[in-house]
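The values are calculated or read from the model by the stated rules, or taken from the named source; none is laboratory data. In this text the structure is predicted, and so the values were computed from the model without any measurement. Cβ: placed from backbone, ideal geometry, glycine included. Neighbour counts: every protein chain shown. With ligands, DNA and RNA removed, areas are computed over all heavy atoms of the protein, side chains included. Shrake-Rupley method; radii C 1.70, N 1.55, O 1.52, S 1.80 Å.
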Amino acid sequence: MDFSVSKRMQTILGMIKEFVQKELIPLEPEFLTKSFSEMLPVLEEKRQMVRQMELWAPLHPKEYGGMELSLLESALVFEALGGTPLGLYTFGCQAPDAGNIEILYQFGTAEQKEKYLRPLIEGKIRSCFSMTEVDLPGSNPVMMDTAAVKDGDDYVINGHKWYTSAADGAEIAIVMAVTSPDAGPYLQASMIIVPTDTSGFNLVRNIPVMGHAGEGYFSHAEILYQNCRVPQKNLLGPEGHGFVIAQERLGPGRIHHCMRWIGICNRAFDLMCARARDRIIAPDRKLASKQIIQSWIAECAADIQAARLMVLHAAWMIETVGKKEARKEISLIKFVVANTMQKVIDRALQVHGGLGMTDDTILAFFYRHERAARIYDGADEVHKVSVAKRILKDYEGKKVR
Ligand SMILES: Cc1cc2nc3c(=O)[nH]c(=O)nc-3n(C[C@H](O)[C@H](O)[C@H](O)COP(=O)(O)OP(=O)(O)OC[C@H]3O[C@@H](n4cnc5c(N)ncnc54)[C@H](O)[C@@H]3O)c2cc1C
């Protein structure tokens, strides 16, 4: 295994870390009190600075103006940007656009690429991904009610989705809908591009999540598709291949999620250590002098390092032996890193006492918003069951002494 970082990447990471410290973290108090639309002008200013530094769109293809970093390189960028909620957006690699860009690049027609992919990569428009339904289990998405029925040259879509992240203000939704109800379960659904100004695309509400409905990019919408008519040329990839395409981006997407979470762990850990170092708890005592706090610090340091190495190892596996061979590693990191992050944020918050519960640090924001990491992109239990089945398969008929 080789996780060495080239000189060029060291320079890039240094520039990103400095930018996060100088330009983004100072914006957080404003971010925590203002709406997304109020923040947009200053975020656009920062995005412009990133473009001038030639650090825009680290994941995306060079032919569209991105940096096209390798998986291991982009993993390190996500770690560097993850420590602030403003990082990914400011550098043009935020979810769900990053995933949508990847599948549009791989499966989009020339017309779809010019119309949607280019402005998405340039950061001129936003997108969302609409799969999970209100009344059916997201953990088993082949159970899907949303249907796209052919009518003349169009698809007519009807269905009730929710948790479509960042739909508010997005130009397009990539919608999963059943197009081939008679096919096998994994070949029934297709991905269809739906411009959000199409009649019948009805954004019901931004769902309140942990007390905040949010707005714009930082929100999750409930959407009713009611006789929503789009041309059949808006089909993304082959008909019935929605799940096949979704599977395609699973590996790299997982690495990026997990390294962003490692970035959050690093930030929470820094805050925890600095608070323990400075907080006076008796006239001649700092919080850091208490063994229980020292134990938390040591445990968190070990947990973060273990989780980080697991993700880098999974990225290395994907790059060297491919996604299919790395399936176990890709499943393992999802629940390990999500739980590590939750533990580290919780400990950091506890060390801050009452201050941790306020929005005077970023910890409460992380605590509210990152709990979902154990649910989206496959709940903990689903990954554990699937990874255990894969492991147990290797033991079938195997003699163990
Ligand atoms: C913040 C956030 C953002 C999201 N963004 C998007 C988005 O942009 N687009 C989109 O389409 N969806 C999105 N989702 C939805 C997400 O993908 C689903 O919530 C997730 O797949 C779980 O589905 P569910 O909520 O229907 O839970 P269910 O499927 O009802 O599962 C509930 C619980 O049951 C347990 N469980 C389920 N299956 C099993 C099993 N096989 N074995 C053991 N236990 C099991 C797990 O504990 C699970 O948490 C988002 C969700 C959140 C919270």
Restricting attention to segment 163-178, and to residues there that are more than 30 Å from Lys384 (Cβ to Cβ) and assigned to a strand (DSSP E or B), which single residue is farthest from the ligand (Cβ to nearest atom)? Ile172
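Here's a check for you: in segment 361-390, which residue that is away from the ligand (no atom under 16 Å from the Cβ) and touching a residue at least 24 places away in the same chain (Cβ under 8 Å) is farthest from the chain's Cα centre (by Cα)?
If we filter segment 361-390 for residues that are away from the ligand (no atom under 16 Å from the Cβ), which is where we start, we get 361-364.
Still in the running and touching a residue at least 24 places away in the same chain (Cβ under 8 Å): 361-363.
Details: Thr361: 22, Ile362: 18, Leu363: 18 Å.
Within segment 361-390, the match that is farthest from the chain's Cα centre (by Cα) is Thr361.
Sort through Arg51, Arg8, Arg47 and tell me the only one that's among the basic types (Lys, Arg), in contact with a Ser or Thr (Cβ under 7 Å, 6 or more places away or on another chain) and part of a helix (DSSP H, G or I). Don't jump to the end; show me each part of the working.
Details: Arg51 fails: in contact with a Ser or Thr (Cβ under 7 Å, 6 or more places away or on another chain); Arg8 fails: in contact with a Ser or Thr (Cβ under 7 Å, 6 or more places away or on another chain).
Every option except Arg47 fails the conditions.
Identify, from the list Leu59, Leu88, Leu72, Leu81, the residue that is under 22 Å from Gly322 (Cα atoms), open to solvent by less than 50 Å² (accessible area, probe 1.4 Å) and either in a helix (DSSP H, G or I) or in contact with a His (Cβ under 6 Å, 6 or more places away or on another chain) (or both). Give the derivation first.
Details: Leu59 fails: either in a helix (DSSP H, G or I) or in contact with a His (Cβ under 6 Å, 6 or more places away or on another chain) (or both); Leu88 fails: under 22 Å from Gly322 (Cα atoms); Leu81 fails: under 22 Å from Gly322 (Cα atoms).
Going through Leu59, Leu88, Leu72, Leu81 in turn, just one is under 22 Å from Gly322 (Cα atoms), open to solvent by less than 50 Å² (accessible area, probe 1.4 Å) and either in a helix (DSSP H, G or I) or in contact with a His (Cβ under 6 Å, 6 or more places away or on another chain) (or both): Leu72.
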Residues of segment 115-140 being assigned to a loop (DSSP other than H, G, I, E, B) and away from the ligand (no atom under 15 Å from the Cβ), which ones? Glu122, Gly123, Lys124, Ile125
Would you pick out the residues in segment 324-347 that are more than 25 Å from Thr361 (Cβ to Cβ), touching an Asp or Glu at 6+ places or on another chain (Cβ under 8 Å) and open to solvent by 10 Å² or more (accessible area, probe 1.4 Å)? Phe335
Please find, among Arg308, Arg275, the residue that is open to solvent by 60 Å² or more (accessible area, probe 1.4 Å), at pLDDT 95 or above, within 26 Å of Ile25 (Cα to Cα) and assigned to a helix (DSSP H, G or I). Arg308
Qualifying helices (runs of 4 or more DSSP H) (wholly inside segment 350-401; at least 2 residues being of a type in the set (D, E, K, R)): 363-370, 380-395
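I'd like the full set of residues that are β-branched (Val, Ile, Thr) and within 16 Å of the ligand (Cβ to nearest atom), limited to segment 60-101. Break it down into steps so the answer makes sense when it comes.
Step one: filter segment 60-101 for residues β-branched (Val, Ile, Thr), giving 77, 84, 90, 101.
Matches in segment 60-101: Ile101 only.
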Return the residues of segment 91-114 that are part of a helix (DSSP H, G or I) and either of a type in the set (Asp, Glu) or at positive phi (or both); say none if nothing qualifies. Asp97, Glu102, Glu111, Glu114
Of everything in segment 141-162, what is open to solvent by 60 Å² or more (accessible area, probe 1.4 Å) and either within 17 Å of Gly242 (Cβ to Cβ) or away from the ligand (no atom under 14 Å from the Cβ) (or both)? Give them in sequence order. Met143, Asp145, Val149, Lys150, Asp151, Gly152, Asp153, Asn158
Would segment 374-389 turn up any residue that is under 24 Å from Leu86 (Cβ atoms), modelled with pLDDT of 95 or more and open to solvent by less than 60 Å² (accessible area, probe 1.4 Å)? yes
If Met143 passes every condition in (1) touching a helix residue (DSSP H, G or I) at 6+ places or on another chain (Cβ under 9 Å); (2) touching a residue at least 60 places away in the same chain (Cβ under 8 Å); (3) farther than 21 Å from Gly253 by Cβ but one, which one does it miss? (2)
In segment 221-255, what residues are at pLDDT 95 or above and within 13 Å of the chain's Cα centre (by Cα)? Ile255
